[in-house]
Structure formats: structure tokens, C-alpha cells
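This report concerns only the one structure given below.
The values are calculated or read from the model by the stated rules, or taken from the named source; none is laboratory data. For clarity, every value in this text was computed on a predicted model and none was experimentally measured. Note that each Cβ is placed from the backbone with ideal geometry, even for glycine, and that neighbours are counted across all protein chains shown. Accessible surface is based on the protein model in full, side chains and every heavy atom, while ligands, DNA and RNA are left aside. Shrake-Rupley method; radii C 1.70, N 1.55, O 1.52, S 1.80 Å.
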Amino acid sequence: MERIIGNLEKVKLKLDEAFFYLDEIEELVEEDILEEEEAGRVAAAGDRLREELGNLSTKVAELQNILEMLHEDKAGEDVVDGTVEEV
């Protein structure tokens, strides 16, 4: 379970990195480096990607909360059973 939580943390970092790159793309579009039609397509794709990344970030956070609750429940069960096991 610890490994899963650690992997989710890595996913969150990668999502943050993706948002950073989206911001850079947005700056390029605003600087008019691209043709108008290309800029519009890039901006629309960026918006869709930003929305998808936001949804993924939400799901990662939900999964982390679920795993943490499961971890706490497991730790509580071990204490109730009279055993103290490391989870």
C-alpha cells in the first residue's frame, strides 16, 4: 500500500509538470509565434488537455484519500485484534 501511495505522489508530480508545459504552450500562442489558425487549434487542444489533466488530478487525489483510509482502517483492525502489525 505504501508503494501505491508513493506512485500516486509521482503521478501528481508528473501532472504538475504537464500543467507547466501547458502554460508554456499558452505563452507561445499568446506571443503570435504561430499562424492564427494553428494558434487556435493549439489553444483548443491545450484547453482540452488541461481539462483532462484536471480530471486526472482529481482522481489521483480521490485514490490517495481512499488508500489512506484503507491504510488507517487496516492499522485500526490490527490493534483491535490484539496484534500490532506493521502495515
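Residue count for the stretch 31-46, restricted to those that are surrounded by 12 or more Cβ atoms within 10 Å (Cβ to Cβ) and at pLDDT 75 or above: 6. For the criterion of being in a helix (DSSP H, G or I) and either at pLDDT below 85 or open to solvent by less than 100 Å² (accessible area, probe 1.4 Å) (or both), Thr83 fails. Residue check: Ile5 meets all listed conditions (1) within 30 Å of Gln64 (Cβ to Cβ); (2) modelled with pLDDT of 80 or more; (3) open to solvent by less than 100 Å² (accessible area, probe 1.4 Å) but one, namely (2).
Remark: pairs (first residue in the stretch 10-29, under 19 Å from Ala43 (Cα atoms); second residue of a type in the set (S, T, N, Q); Cβ separation under 6 Å; 6+ apart in sequence or on different chains) = Leu15/Ser57.
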